[in-house]
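Reading through the C-alpha coordinates given below for one structure.
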Amino acid sequence: MQTKILTVSRESGGFDALQEPAQCIAEGGLVVFPTETVYGLGADGLNEQAVRSIFAAKERPADNPLILHICEQEQLADLTSDIPESAKKAARHFWPGPFTMVLPKSAQVPDVVTGGLSSVAVRFPDHPIARELIRRGGKIIAAPSANRSGRPSPTTAAHCIDDLMGRVHWIIDGGPCEVGLESTVVSFTGRVPKILRPGAVTADELGALLGEVELDSAVVGPMGEHAVASSPGMKYKHYAPLAKVILVKADRNEYIHFVNSQTKPGSFALCFDEERKEIKIPSLGYGKESDGAAQARELFGCLRELDKQNAQTVFAHCPNLQGVGLAVYNRLLRAAAFDVITL
Ligand code: TXA
Ligand code: MG
(Lines give C-alpha, C1' and ligand atoms only; values in the text may rest on other atoms or scores of the structure.)
(Ligands and ions follow the chains in the order given, each with its own letter.)
Protein backbone atom coordinates (compact mmCIF):
# COMPACT_ATOMS: atom_id res chain seq x y z
CA MET A 1 0.00 0.00 0.00
CA GLN A 2 1.23 3.51 -0.74
CA THR A 3 1.38 5.75 2.34
CA LYS A 4 0.81 9.49 1.82
CA ILE A 5 2.35 11.88 4.32
CA LEU A 6 0.65 15.17 5.15
CA THR A 7 2.19 17.86 7.35
CA VAL A 8 -0.30 20.09 9.15
CA SER A 9 0.61 22.87 11.54
CA ARG A 10 -1.75 22.73 14.51
CA GLU A 11 -1.44 26.49 15.01
CA SER A 12 -2.26 27.51 11.44
CA GLY A 13 -5.91 26.53 11.85
CA GLY A 14 -6.12 25.88 8.09
CA PHE A 15 -7.33 22.31 8.22
CA ASP A 16 -8.74 21.95 4.70
CA ALA A 17 -5.91 19.54 3.86
CA LEU A 18 -7.49 17.12 6.36
CA GLN A 19 -10.43 16.60 4.01
CA GLU A 20 -8.72 13.83 2.04
CA PRO A 21 -7.58 11.73 5.02
CA ALA A 22 -11.00 12.28 6.64
CA GLN A 23 -12.64 10.98 3.47
CA CYS A 24 -10.25 8.02 3.57
CA ILE A 25 -11.48 7.17 7.10
CA ALA A 26 -15.09 7.44 5.92
CA GLU A 27 -14.29 4.94 3.15
CA GLY A 28 -12.77 2.39 5.55
CA GLY A 29 -9.09 3.39 5.21
CA LEU A 30 -6.29 3.69 7.79
CA VAL A 31 -5.01 7.10 8.90
CA VAL A 32 -2.26 7.82 11.45
CA PHE A 33 -2.94 11.12 13.27
CA PRO A 34 -1.50 13.11 16.18
CA THR A 35 -3.20 13.44 19.55
CA GLU A 36 -1.90 15.25 22.64
CA THR A 37 -0.84 11.91 24.19
CA VAL A 38 0.69 9.79 21.40
CA TYR A 39 -0.03 9.25 17.70
CA GLY A 40 -3.03 7.04 16.91
CA LEU A 41 -3.68 4.55 14.10
CA GLY A 42 -7.27 5.38 13.17
CA ALA A 43 -10.12 3.82 11.21
CA ASP A 44 -13.93 4.03 11.22
CA GLY A 45 -14.69 2.53 14.65
CA LEU A 46 -18.13 1.23 13.73
CA ASN A 47 -16.99 -0.46 10.50
CA GLU A 48 -15.95 -4.03 11.37
CA GLN A 49 -13.78 -4.53 8.33
CA ALA A 50 -11.92 -1.25 8.86
CA VAL A 51 -11.33 -2.13 12.53
CA ARG A 52 -9.93 -5.52 11.55
CA SER A 53 -7.41 -3.80 9.29
CA ILE A 54 -6.07 -1.84 12.31
CA PHE A 55 -5.23 -5.12 14.06
CA ALA A 56 -3.54 -6.41 10.90
CA ALA A 57 -1.44 -3.27 10.31
CA LYS A 58 -0.19 -3.28 13.92
CA GLU A 59 0.07 -7.06 14.24
CA ARG A 60 -1.97 -6.62 17.40
CA PRO A 61 -3.55 -9.60 19.23
CA ALA A 62 -7.30 -9.63 18.58
CA ASP A 63 -8.18 -9.80 22.29
CA ASN A 64 -6.58 -6.40 23.04
CA PRO A 65 -9.47 -3.91 22.67
CA LEU A 66 -9.31 -0.46 21.07
CA ILE A 67 -10.27 3.03 22.27
CA LEU A 68 -13.03 4.87 20.38
CA HIS A 69 -12.32 8.59 19.81
CA ILE A 70 -15.09 11.20 19.76
CA CYS A 71 -15.13 14.96 19.11
CA GLU A 72 -18.19 15.97 21.16
CA GLN A 73 -19.34 14.97 24.64
CA GLU A 74 -22.78 13.96 23.30
CA GLN A 75 -21.32 11.14 21.17
CA LEU A 76 -20.61 9.11 24.32
CA ALA A 77 -24.27 8.22 24.85
CA ASP A 78 -24.61 6.24 21.60
CA LEU A 79 -21.58 4.10 22.34
CA THR A 80 -22.49 3.11 25.90
CA SER A 81 -25.49 1.52 27.57
CA ASP A 82 -25.11 3.09 31.02
CA ILE A 83 -23.18 6.19 32.19
CA PRO A 84 -22.93 6.46 35.98
CA GLU A 85 -22.90 9.93 37.58
CA SER A 86 -19.18 9.62 38.42
CA ALA A 87 -18.36 9.08 34.72
CA LYS A 88 -20.48 12.06 33.68
CA LYS A 89 -18.63 14.19 36.19
CA ALA A 90 -15.23 12.93 35.03
CA ALA A 91 -16.12 13.59 31.37
CA ARG A 92 -17.14 17.17 32.16
CA HIS A 93 -13.91 17.74 34.05
CA PHE A 94 -11.25 15.90 32.03
CA TRP A 95 -12.58 16.01 28.45
CA PRO A 96 -11.24 16.92 26.03
CA GLY A 97 -7.98 15.51 27.36
CA PRO A 98 -5.65 12.57 28.03
CA PHE A 99 -8.41 10.58 29.70
CA THR A 100 -10.24 7.39 28.62
CA MET A 101 -13.36 5.93 30.24
CA VAL A 102 -14.34 2.26 30.16
CA LEU A 103 -18.14 1.84 30.30
CA PRO A 104 -20.71 -0.83 29.42
CA LYS A 105 -20.92 -0.90 25.62
CA SER A 106 -23.99 -0.32 23.47
CA ALA A 107 -25.09 -2.72 20.71
CA GLN A 108 -23.75 -0.26 18.11
CA VAL A 109 -20.14 -1.04 19.03
CA PRO A 110 -18.84 -4.07 17.09
CA ASP A 111 -17.26 -6.90 19.11
CA VAL A 112 -14.00 -6.58 17.16
CA VAL A 113 -13.47 -3.16 18.79
CA THR A 114 -13.78 -4.50 22.34
CA GLY A 115 -12.10 -7.86 21.78
CA GLY A 116 -15.38 -9.48 22.81
CA LEU A 117 -15.66 -7.58 26.13
CA SER A 118 -19.02 -6.15 27.22
CA SER A 119 -17.35 -2.79 27.96
CA VAL A 120 -15.98 -0.13 25.62
CA ALA A 121 -13.19 2.46 26.07
CA VAL A 122 -13.96 6.03 24.88
CA ARG A 123 -11.79 9.16 24.70
CA PHE A 124 -12.34 12.76 23.58
CA PRO A 125 -8.83 13.94 22.64
CA ASP A 126 -7.66 17.53 23.08
CA HIS A 127 -5.86 18.00 19.79
CA PRO A 128 -7.27 20.16 17.00
CA ILE A 129 -6.09 17.81 14.23
CA ALA A 130 -7.60 14.72 15.89
CA ARG A 131 -10.90 16.49 16.52
CA GLU A 132 -11.07 17.93 13.01
CA LEU A 133 -10.38 14.50 11.49
CA ILE A 134 -13.23 12.95 13.48
CA ARG A 135 -15.57 15.84 12.65
CA ARG A 136 -14.81 15.96 8.92
CA GLY A 137 -14.94 12.20 8.45
CA GLY A 138 -18.25 12.07 10.34
CA LYS A 139 -17.04 8.85 12.00
CA ILE A 140 -16.18 7.69 15.50
CA ILE A 141 -12.49 6.76 15.16
CA ALA A 142 -11.08 3.58 16.70
CA ALA A 143 -7.38 4.13 17.34
CA PRO A 144 -4.68 2.31 19.23
CA SER A 145 -1.24 3.89 19.50
CA ALA A 146 0.36 3.97 16.03
CA ASN A 147 3.27 1.63 16.77
CA ARG A 148 3.85 -1.96 15.77
CA SER A 149 2.60 -4.14 18.60
CA GLY A 150 5.15 -4.37 21.44
CA ARG A 151 7.15 -1.29 20.37
CA PRO A 152 7.16 2.01 22.29
CA SER A 153 4.22 4.26 21.41
CA PRO A 154 5.04 6.93 18.81
CA THR A 155 5.36 10.56 19.88
CA THR A 156 6.47 11.94 16.49
CA ALA A 157 5.44 11.24 12.90
CA ALA A 158 8.96 9.87 12.26
CA HIS A 159 8.26 7.09 14.82
CA CYS A 160 5.04 6.21 12.95
CA ILE A 161 6.87 6.19 9.61
CA ASP A 162 9.44 3.77 11.09
CA ASP A 163 6.70 1.36 12.20
CA LEU A 164 3.85 1.71 9.70
CA MET A 165 5.10 3.01 6.35
CA GLY A 166 3.42 0.99 3.58
CA ARG A 167 0.79 -0.36 6.02
CA VAL A 168 -1.54 2.66 6.21
CA HIS A 169 -3.07 5.11 3.71
CA TRP A 170 -2.06 8.35 5.43
CA ILE A 171 0.32 9.59 8.11
CA ILE A 172 -0.53 13.11 9.32
CA ASP A 173 2.47 14.88 10.82
CA GLY A 174 1.32 17.38 13.44
CA GLY A 175 4.64 17.67 15.28
CA PRO A 176 5.67 16.10 18.60
CA CYS A 177 2.97 15.11 21.13
CA GLU A 178 2.82 17.35 24.22
CA VAL A 179 2.05 14.65 26.80
CA GLY A 180 4.12 11.80 25.33
CA LEU A 181 2.45 8.92 27.23
CA GLU A 182 -0.91 7.29 26.48
CA SER A 183 -4.10 8.45 28.19
CA THR A 184 -5.16 7.53 31.70
CA VAL A 185 -7.66 4.64 31.39
CA VAL A 186 -10.33 4.45 34.11
CA SER A 187 -13.02 1.78 34.35
CA PHE A 188 -16.47 2.88 35.56
CA THR A 189 -17.96 -0.61 35.37
CA GLY A 190 -17.58 -1.39 39.08
CA ARG A 191 -18.80 0.36 42.24
CA VAL A 192 -15.55 2.34 42.60
CA PRO A 193 -13.79 3.86 39.54
CA LYS A 194 -10.58 1.97 38.86
CA ILE A 195 -7.40 3.19 37.13
CA LEU A 196 -6.38 0.52 34.62
CA ARG A 197 -3.54 2.52 33.07
CA PRO A 198 -2.00 5.65 34.68
CA GLY A 199 -1.39 8.75 32.56
CA ALA A 200 -1.29 12.54 32.66
CA VAL A 201 -4.63 12.71 34.48
CA THR A 202 -3.30 11.58 37.85
CA ALA A 203 -4.70 9.41 40.65
CA ASP A 204 -4.71 12.49 42.92
CA GLU A 205 -6.75 14.54 40.45
CA LEU A 206 -9.22 11.67 40.01
CA GLY A 207 -9.46 11.15 43.75
CA ALA A 208 -10.05 14.87 44.35
CA LEU A 209 -12.92 14.93 41.85
CA LEU A 210 -14.56 11.56 42.45
CA GLY A 211 -13.82 10.88 46.11
CA GLU A 212 -12.91 7.23 45.82
CA VAL A 213 -10.65 5.69 43.14
CA GLU A 214 -8.78 2.38 43.03
CA LEU A 215 -5.55 1.47 41.30
CA ASP A 216 -5.62 -1.83 39.41
CA SER A 217 -2.95 -4.14 40.80
CA ALA A 218 -1.44 -4.57 37.30
CA VAL A 219 -0.44 -0.87 37.24
CA VAL A 220 2.63 -1.36 39.41
CA GLY A 221 3.11 -5.11 39.37
CA PRO A 222 3.28 -8.01 36.94
CA MET A 223 0.11 -9.93 36.18
CA GLY A 224 0.01 -13.35 37.80
CA GLU A 225 0.22 -16.15 35.28
CA HIS A 226 -3.41 -17.12 35.73
CA ALA A 227 -4.88 -13.71 36.55
CA VAL A 228 -7.60 -12.31 34.29
CA ALA A 229 -6.56 -8.86 33.04
CA SER A 230 -9.06 -6.05 33.71
CA SER A 231 -7.33 -4.31 30.82
CA PRO A 232 -6.07 -6.85 28.32
CA GLY A 233 -3.27 -4.49 27.18
CA MET A 234 -1.63 -4.96 30.58
CA LYS A 235 -0.70 -8.56 30.00
CA TYR A 236 1.44 -8.01 26.92
CA LYS A 237 5.10 -7.11 26.94
CA HIS A 238 5.10 -3.47 26.03
CA TYR A 239 7.07 -0.39 25.19
CA ALA A 240 10.20 -2.45 24.80
CA PRO A 241 13.25 -1.46 22.83
CA LEU A 242 15.35 -4.33 21.47
CA ALA A 243 17.86 -3.80 24.28
CA LYS A 244 17.40 -5.41 27.67
CA VAL A 245 16.14 -2.76 30.10
CA ILE A 246 16.79 -2.96 33.85
CA LEU A 247 15.07 -0.50 36.17
CA VAL A 248 17.39 0.70 38.94
CA LYS A 249 15.92 1.99 42.22
CA ALA A 250 18.64 4.03 43.90
CA ASP A 251 19.53 7.52 45.04
CA ARG A 252 21.72 9.65 42.79
CA ASN A 253 25.13 8.68 44.16
CA GLU A 254 24.37 4.97 44.25
CA TYR A 255 22.98 5.05 40.72
CA ILE A 256 25.94 6.94 39.26
CA HIS A 257 28.42 4.68 41.03
CA PHE A 258 26.53 1.59 39.81
CA VAL A 259 26.35 2.56 36.13
CA ASN A 260 29.96 3.75 36.11
CA SER A 261 31.00 0.26 37.18
CA GLN A 262 29.28 -1.35 34.14
CA THR A 263 32.06 -2.34 31.76
CA LYS A 264 30.25 -4.52 29.23
CA PRO A 265 30.17 -2.96 25.75
CA GLY A 266 26.66 -1.82 24.78
CA SER A 267 25.77 -0.77 28.35
CA PHE A 268 23.75 2.46 28.48
CA ALA A 269 22.42 4.68 31.25
CA LEU A 270 18.89 6.07 30.84
CA CYS A 271 19.16 8.74 33.50
CA PHE A 272 17.96 12.15 34.63
CA ASP A 273 19.39 15.00 32.54
CA GLU A 274 21.47 16.46 35.36
CA GLU A 275 23.18 13.09 36.02
CA ARG A 276 24.72 12.78 32.57
CA LYS A 277 27.80 14.87 33.25
CA GLU A 278 28.89 12.44 35.97
CA ILE A 279 28.20 9.26 34.00
CA LYS A 280 31.11 7.67 32.18
CA ILE A 281 29.25 5.10 30.03
CA PRO A 282 27.04 6.12 27.06
CA SER A 283 23.89 7.78 28.37
CA LEU A 284 20.58 9.41 27.43
CA GLY A 285 18.69 11.84 29.66
CA TYR A 286 14.92 11.43 29.85
CA GLY A 287 14.15 14.69 31.67
CA LYS A 288 15.11 16.32 34.95
CA GLU A 289 14.52 14.29 38.13
CA SER A 290 11.97 16.81 39.38
CA ASP A 291 10.13 17.16 36.04
CA GLY A 292 7.66 14.29 35.56
CA ALA A 293 6.00 16.02 32.60
CA ALA A 294 9.33 16.20 30.74
CA GLN A 295 10.03 12.52 31.53
CA ALA A 296 6.60 11.59 30.14
CA ARG A 297 7.31 13.58 26.97
CA GLU A 298 10.82 12.17 26.44
CA LEU A 299 10.61 8.53 27.54
CA PHE A 300 9.31 6.79 24.40
CA GLY A 301 11.61 8.78 22.10
CA CYS A 302 14.55 7.74 24.29
CA LEU A 303 13.55 4.05 24.15
CA ARG A 304 13.56 4.24 20.35
CA GLU A 305 16.84 6.18 20.30
CA LEU A 306 18.51 3.44 22.37
CA ASP A 307 17.83 1.00 19.54
CA LYS A 308 19.25 3.42 16.99
CA GLN A 309 22.41 3.65 19.10
CA ASN A 310 22.59 -0.15 19.37
CA ALA A 311 22.26 -0.33 23.14
CA GLN A 312 22.41 -3.89 24.51
CA THR A 313 21.70 -3.35 28.21
CA VAL A 314 20.01 -0.23 29.53
CA PHE A 315 20.12 0.78 33.19
CA ALA A 316 17.17 3.11 33.71
CA HIS A 317 17.09 5.30 36.82
CA CYS A 318 13.70 4.83 38.47
CA PRO A 319 11.55 8.02 38.44
CA ASN A 320 9.65 9.62 41.29
CA LEU A 321 6.21 8.03 41.59
CA GLN A 322 4.32 11.26 42.37
CA GLY A 323 1.82 12.72 39.89
CA VAL A 324 2.49 11.71 36.28
CA GLY A 325 5.62 9.91 37.57
CA LEU A 326 3.43 6.88 38.29
CA ALA A 327 2.67 6.63 34.55
CA VAL A 328 6.35 7.00 33.64
CA TYR A 329 7.17 4.25 36.15
CA ASN A 330 4.39 2.00 34.81
CA ARG A 331 5.78 2.22 31.24
CA LEU A 332 9.41 1.76 32.32
CA LEU A 333 8.47 -1.24 34.42
CA ARG A 334 6.94 -2.87 31.32
CA ALA A 335 9.85 -1.86 29.09
CA ALA A 336 12.01 -3.66 31.66
CA ALA A 337 9.68 -6.68 31.73
CA PHE A 338 9.59 -6.13 35.54
CA ASP A 339 13.35 -6.57 35.92
CA VAL A 340 14.14 -4.24 38.84
CA ILE A 341 17.35 -3.81 40.86
CA THR A 342 17.11 -2.03 44.22
CA LEU A 343 20.45 -0.71 45.48
O1 TXA B 1 -3.61 8.04 24.56
C2 TXA B 1 -4.16 7.02 24.15
O3 TXA B 1 -4.97 6.38 24.83
C4 TXA B 1 -3.79 6.56 22.72
C5 TXA B 1 -4.29 7.63 21.74
C6 TXA B 1 -4.08 7.22 20.30
O7 TXA B 1 -5.65 7.90 22.01
N8 TXA B 1 -4.37 5.28 22.45
C9 TXA B 1 -3.90 4.14 23.02
O10 TXA B 1 -4.53 2.98 22.59
O11 TXA B 1 -3.00 4.11 23.84
P12 TXA B 1 -3.94 1.52 22.85
O13 TXA B 1 -4.83 0.65 22.05
O14 TXA B 1 -2.51 1.50 22.55
O15 TXA B 1 -4.22 1.26 24.35
C16 TXA B 1 -5.56 1.07 24.80
C17 TXA B 1 -5.57 0.44 26.16
C18 TXA B 1 -5.12 -1.00 26.11
O19 TXA B 1 -4.32 -1.27 27.25
C20 TXA B 1 -6.44 -1.76 26.16
O21 TXA B 1 -6.29 -3.04 26.72
C22 TXA B 1 -7.29 -0.84 27.03
O23 TXA B 1 -6.91 0.47 26.65
N24 TXA B 1 -8.73 -1.03 26.77
C25 TXA B 1 -9.41 -0.74 25.65
N26 TXA B 1 -10.70 -1.11 25.76
C27 TXA B 1 -10.85 -1.63 27.00
C28 TXA B 1 -11.94 -2.20 27.73
N29 TXA B 1 -13.15 -2.30 27.18
N30 TXA B 1 -11.71 -2.62 28.98
C31 TXA B 1 -10.48 -2.52 29.54
N32 TXA B 1 -9.41 -2.01 28.91
C33 TXA B 1 -9.58 -1.57 27.65
MG1 MG C 1 -0.60 0.92 22.56
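The values are calculated or read from the model by the stated rules, or taken from the named source; none is laboratory data. Every value quoted in this text rests on a predicted model; they were computed, and no experiment measured them. Cβ sites come from the backbone with ideal geometry, for glycine too, and all protein chains shown count toward neighbours.
Values computed for the structure shown
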{"item": "Residue within the range 97-111 that is within 16 Å of ligand 2 (Cβ to nearest atom), in a loop (DSSP other than H, G, I, E, B) and farther than 18 Å from V213 by Cβ present", "result": "no"}
{"item": "Total residues in the range 162-178, condition in contact with an Asp or Glu (Cβ under 8 Å, 6 or more places away or on another chain) and away from ligand 2 (no atom under 16 Å from the Cβ)", "result": "2"}
{"item": "Breaking point among (1) more than 12 Å from ligand 2 (Cβ to nearest atom); (2) in contact with a Leu (Cβ under 8 Å, 6 or more places away or on another chain); (3) of a type in the set (G, A, S), for A208", "result": "(2)"}
{"item": "Within the range 122-161, considering residues that are surrounded by 19 or more Cβ atoms within 10 Å (Cβ to Cβ), at pLDDT 95 or above and of a type in the set (K, R), the one farthest from ligand 2 (Cβ to nearest atom)", "result": "R136"}
{"item": "Selection status of A56, modelled with pLDDT under 95 and away from ligand 1 (no atom under 13 Å from the Cβ)", "result": "no"}
{"item": "Of the criteria (1) modelled with pLDDT of 95 or more; (2) within 16 Å of ligand 2 (Cβ to nearest atom); (3) more than 22 Å from E298 (Cβ to Cβ); (4) under 14 Å from the mean Cα position of the chain (by Cα), which one V186 fails", "result": "(2)"}
{"item": "Some residue of the range 72-84 being more than 9 Å from ligand 1 (Cβ to nearest atom), closer than 15 Å to L210 by Cβ and either out of contact with any Gly (no Cβ under 7 Å at 6 or more places or on another chain) or among the acidic types (D, E) (or both)", "result": "yes"}
{"item": "L326 surrounded by 21 or more Cβ atoms within 10 Å (Cβ to Cβ) and out of contact with any strand residue (DSSP E or B) (no Cβ under 7 Å at 6 or more places or on another chain)", "result": "yes"}
